[in-house]
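The values are calculated or read from the model by the stated rules, or taken from the named source; none is laboratory data. All values derive from a computational prediction rather than experimental measurement. Neighbour counts are summed over all protein chains in view; Cβ atoms, including those assigned to glycine, are modelled from backbone coordinates with ideal geometry. Calculation scope for accessible area: heavy atoms of the full protein, side chains included, ligands and nucleic acids excluded. Shrake-Rupley method; radii C 1.70, N 1.55, O 1.52, S 1.80 Å.
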Amino acid sequence: AVIALLFLMTGCTGVPKGIEPVTGFDQQRYLGTWYEVGSVKQFFSIGLVNTTAQYSLNPDGSIRVENSGNYFVNNGPESRIVGAALPVEGSQNKLNVAFFFGSPSTNPPGNYWIVDLDPDYQWAIVTDFTGLSGFLLTRTRTVSDDFYQELLNRASVKGVKGRITPTRQPAADTVTV
């Protein structure tokens, strides 16, 4: 769900102005758990809550991508998908992610571009080369309304054109003992 940029775009010959991946990206710092606080909803992500992305290294050097969430409510039916990602040739901040259609490639343009990133890797904004997909990712399940609006504004400035809507994280409301 989080890396739902996975239907490879075809027929596009250029990157729209305003979409540039971040520089100085450190793949090791990006690994770990990210929570989706907002996204451009895709057919498979409608109704998903508690959406997370877990990134780790595979033995072959590719990045293991595990997206999960629940449908509609905190303990609703689970959605989970595992795929792999590879950096686009010569880049660490542009990836090709594949879930269903074999192995990811290193061919440009890539379908997962990190276009804005907190210096401490606490939040990230991801899109694709068209700007039609978009994900607001944080290391915490929830953010303040003001910070969510800031992320929306940043996504717009960074070239995300799709309509981003909040992703509910009801698991944040549960108390564990």
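Computed from the C-beta positions of R163 and L57, the FRET efficiency with R₀ = 41 Å rounds to 0.75. For region 39-177, the solvent-accessible area with a 1.4 angstrom probe is 50 square angstrom per residue. With all protein chains in place and ligands, DNA and RNA left out, the 1.4 Å accessible area ranks R163, R80, R154 as R163, R80, R154, largest first. Between E89, E150, E78, the GNM of the chain built on Cα springs shorter than 10 angstrom shows E150 fluctuating the most.
Full extension of the chain segment joining N74 with T140 gains 22.1 nm, where the gain is 0.36 nm per residue of separation less the Cα-Cα distance. The HN-Hα couplings worked out from phi for region 78-93 by the Karplus form 6.51 cos²θ - 1.76 cosθ + 1.60 (θ = phi - 60°) are 8, 10, 8, 9, 10, x, 9, 9, 10, x, 5, 3, x, 9, 10, 9 Hz, whole numbers, x standing for Gly and Pro.
Treating only the Cβ atoms of Lys and Arg (+1) and Asp and Glu (-1) as charged, compute the dipole magnitude of region 75-177 about its Cα centre; round to the nearest 20 debye.
Values: 9 positive and 10 negative charges, 51 e Å.
Dipole of region 75-177, to the nearest 20 debye: 240 debye.
Solvent-accessible surface (1.4 Å probe) assigned to V88 amounts to roughly 10 Å².
Mean-square fluctuations from a GNM of the chain, with a 10 angstrom spring cutoff on Cα atoms, peak among I63, I19, I81 at I81. Residues whose amide H falls under 5 Å from that of Q169, counting only those 5 or more places apart or on a different chain, are N50, with hydrogens built in the peptide plane. Put +1 on the Cβ of every Lys and Arg and -1 on every Asp and Glu Cβ in region 101-162; which of L136, Q122, F147 then has its Cα farthest towards the positive end of the dipole? About the Cα centre, the residue reaching furthest to the positive side is L136. Relative contact order of the chain: 27 percent, from C-alpha pairs under 8 Å at least 6 residues apart in sequence.
Rounded to the nearest 20, the Cβ-based charge dipole of the chain about its Cα centre (Lys and Arg +1, Asp and Glu -1) stands at 320 debye. With contacts taken as Cα pairs under 8 Å and at least 6 residues apart, region 16-79 reaches a relative contact order of 25 percent. When the Gaussian network model of the chain links Cα atoms closer than 10 Å, the mean-square fluctuations of S79, S68, S133 top out at S79.
Apolar share of the accessible surface for the chain: 54 percent from carbon plus sulfur atoms, 1.4 Å probe.
How do D120, D173 rank by accessible surface area computed with a 1.4 Å probe, from largest to smallest?
Details: D120 100, D173 125 Å².
So, going from the largest accessible area down, we get D173, D120.
Computed from Cα positions, the angle between helix 145-157 and the longest principal axis of the chain comes to roughly 20 degrees.
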